[in-house]
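Here's the structure we're looking at; comments come further down.
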Amino acid sequence: MSQLPATFVQGFHDEVSVRKMEYQALGRTGLSVSKISLGTGTLSPFYGSITEEGACETVREALRRGINYIDTAYYYGQGCSEKFLGVALKTIPRKAFYIGTKIGRYEMDVANQFDFSAETTRRSVERSLKNLQLDYIDVIQIHDVEFAPNLDIVLKEALPTLEALRDEGKVGYIGVTGYPLNVLKQAIVGAPGRFDTVLAYTRYSMIDDSLTRYLDFFLKENLGVICASGHGLGLLSQNGPQSWHPAGEEIKTACREAAELCRKEGLELGRLAMGYFIQLAGPATFLVGMQSLELLNMNLDVYFNGLTDKEKALIDRIKREIFSKLKQTHWEGVEVARYWSEMEKIGKKRE
C-alpha cells in the first residue's frame, strides 16, 4: 500500500482505498494526482440524462475512494458539469481534490462554439469559478486548440491571459488539450516552458495507440500528461457511443462487433477497455468519465483488482480478430473540417 497523499483528509476518505491508489507527479506542477481521475463530460446531457443528486453522489464517492483529480469544462453541457460539481464539492474539503477546467470551447451552435480571445478567456475563467463555487482553479486548460483559426490567437491572447490570471491567484497551472497530437506538439513548441500539462483524449485505447509516438516528447518537456477517454468517448462500452460520436462507420461497426463478442462471453467491453488503457507507462493520470456509481465501481474494481485471465485473453482476441482489420483507427480532421465548412456557410449567409 502507498503512503497517504497530501490530499488525504481524515474522516472523509476511505483510507484503505486511498492507500491502494497510486499517486504520481503531474509534470512540474508539484501536484501528486491519482492514477485514475474523474472526467465529468459525462455529468451533462452529452451522455444522457443525469440528476444533480446522482452526479453529487458519484463525485463524492469517487473522491472518498482516492481519486483526487477532476476534469471538467464549461462546454460540457454549457456549464451543467461545472454547476453539478459546484454543488457536489461544497460538501467536500477543498484540500481533498484538484480540479481542472477549460477555456476556448463554449456553445453548441457553431458560430459561438470557439473563442480564444483574451477578453473571452478572462470572462470564461470568472464564470467557471462562479459555477464551481471555488476561489481558484488548480489547472486551467485551453480546450481543443485544433479548432482555432491559427495558433497565434491561442499563444498570444489566451495563454498570456491565463498567465495573468495565474499571477492573480485565480488559477494554478496551465494546460492544453486537443485531439490531433501534432497540433498539441506545435502549441507546446510555440510556447516553450509555458504549458504545465497536456491532455490527449482517445489516443491510447484498444483501437488507437497514437499517443505512444508523442509521449517521449511530452515527457521530455516535463509536462504532466493526462491520458483521457480510453473508452473512446463511449465507443469501447457495451452500450456503444452517443449519436454525436464523430468516428466513421467502420470504427463503430468494429466496436459493435467487439461488444457483441463480449456479450456472448458474458463479459463487459468497458472493463476490458479500462484494463487495457491504464497499463500505459508515462501519463500521470488516466481520465475516465463515470456518471454513475455503477460505472465508478466497475472502473475502480478493474484498477484495484485487475482483469481476469479470461478478460485479458478476450482483449487479445478482439485486437487480433477485429481491430487489426481497421483501415483507419481515428477520426482526425473530421470534426475540424466539418466545423470550418459550417463557419464558411455562416459567413456566406452574412454577406
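The values are calculated or read from the model by the stated rules, or taken from the named source; none is laboratory data. In this text, all values refer to a predicted model and were calculated from it rather than measured experimentally. In this analysis, Cβ positions are derived from the backbone assuming ideal geometry, glycine residues included, and neighbour counts consider all displayed protein chains. Each accessible area value is taken on the protein alone, full model and side chains, heavy atoms only, with ligands, DNA and RNA left out. Shrake-Rupley method; radii C 1.70, N 1.55, O 1.52, S 1.80 Å.
Each of ALA313 and ARG263 was given a label point 7 Å from its Cα along the Cα-to-Cβ line. The distance between the two points is 2.3 nm. Pairwise Cα distances in segment 133-247 exceed 25 Å in 28 percent of cases.
Once the Cβ-Cβ distance between PHE217 and GLN24 is put in as r, and R0 is 25 Å, what FRET efficiency do you end up with, to the nearest 0.05? Taking R0 as 25 Å, the efficiency between PHE217 and GLN24 is 0.85. Only one residue of ALA118, SER243, VAL59 has its Cα farthest out toward the positive end of the dipole of segment 15-346, where Lys and Arg carry +1 and Asp and Glu -1 on Cβ, and that residue is VAL59. Enclosing the Cα atoms of segment 258-351 in their convex hull gives a volume equal to 182 cubic angstrom per residue. So in the chain, what percent of DSSP beta bridges are antiparallel if you round to the nearest 5? Roughly 10 percent of the DSSP beta bridges within the chain come out antiparallel. With every protein chain in place, what's the accessible area of SER292 (1.4 Å probe, Å², nearest 10)? Its accessible surface works out to 40 Å², give or take rounding. Among 310-320, 57-67, the peptide with the highest mean count of other Cβ atoms within 10 Å heads the list, and the full ranking is 57-67, 310-320. Dividing the alpha-carbon radius of gyration of segment 15-346 by the rule-of-thumb value 2.2 N^0.38 Å gives 0.95.
Compare VAL183, VAL198 by solvent-accessible area with a 1.4 Å probe and give them largest first, with all protein chains kept in place.
Largest accessible area first, the residues go VAL183, VAL198.
Summing Cβ point charges (Lys, Arg +1; Asp, Glu -1) relative to the Cα centre of segment 34-137 gives a dipole of roughly 460 debye. In the chain, the DSSP-assigned H stretches of four residues or longer account for a calculated mean residue ellipticity at 222 nm of -12000 deg cm²/dmol, using -39500 (n - 2.57) per stretch and the full residue count as denominator.
With the charge dipole of segment 15-346 set up from +1 on Lys and Arg Cβ and -1 on Asp and Glu Cβ about the Cα centre, the Cα lying farthest toward the positive end among the listed residues PRO93, LEU38, CYS255 is that of PRO93.
Rounded to the nearest angstrom and listed largest first, the equivalent-ellipsoid semi-axes of segment 28-162 from its Cα gyration tensor are 25, 17, 12. Backbone amide hydrogens, once placed in the peptide plane, bring ILE137 within less than 5 Å of VAL171, GLY172, excluding anything fewer than 5 places away on its chain. If I compute solvent accessible area with a 1.4 Å probe over the protein chains, what percent of it on the chain is carbon and sulfur? With neighbouring chains kept in place, the figure for the chain is 48 percent.
Each residue of segment 20-28 was assigned a 3J(HN,Hα) from its phi angle through the Karplus expression (A = 6.51, B = -1.76, C = 1.60, θ = phi - 60°), giving 7, 6, 8, 10, 10, 5, 8, x, 9 Hz with x at Gly and Pro.
Per residue, segment 19-158 exposes 36 Å² of accessible surface when a 1.4 Å probe is rolled over the protein heavy atoms with every protein chain present.
Compactness ratio for segment 192-351: Cα radius of gyration over 2.2 N^0.38 Å (N = residue count) comes to 1.16. Average accessible surface for segment 171-271: 37 Å² per residue, computed with a 1.4 Å probe over protein heavy atoms with every protein chain in place. When the P(r) is computed for segment 1-97, the part past 20 Å accounts for 37% of the Cα-Cα pairs.
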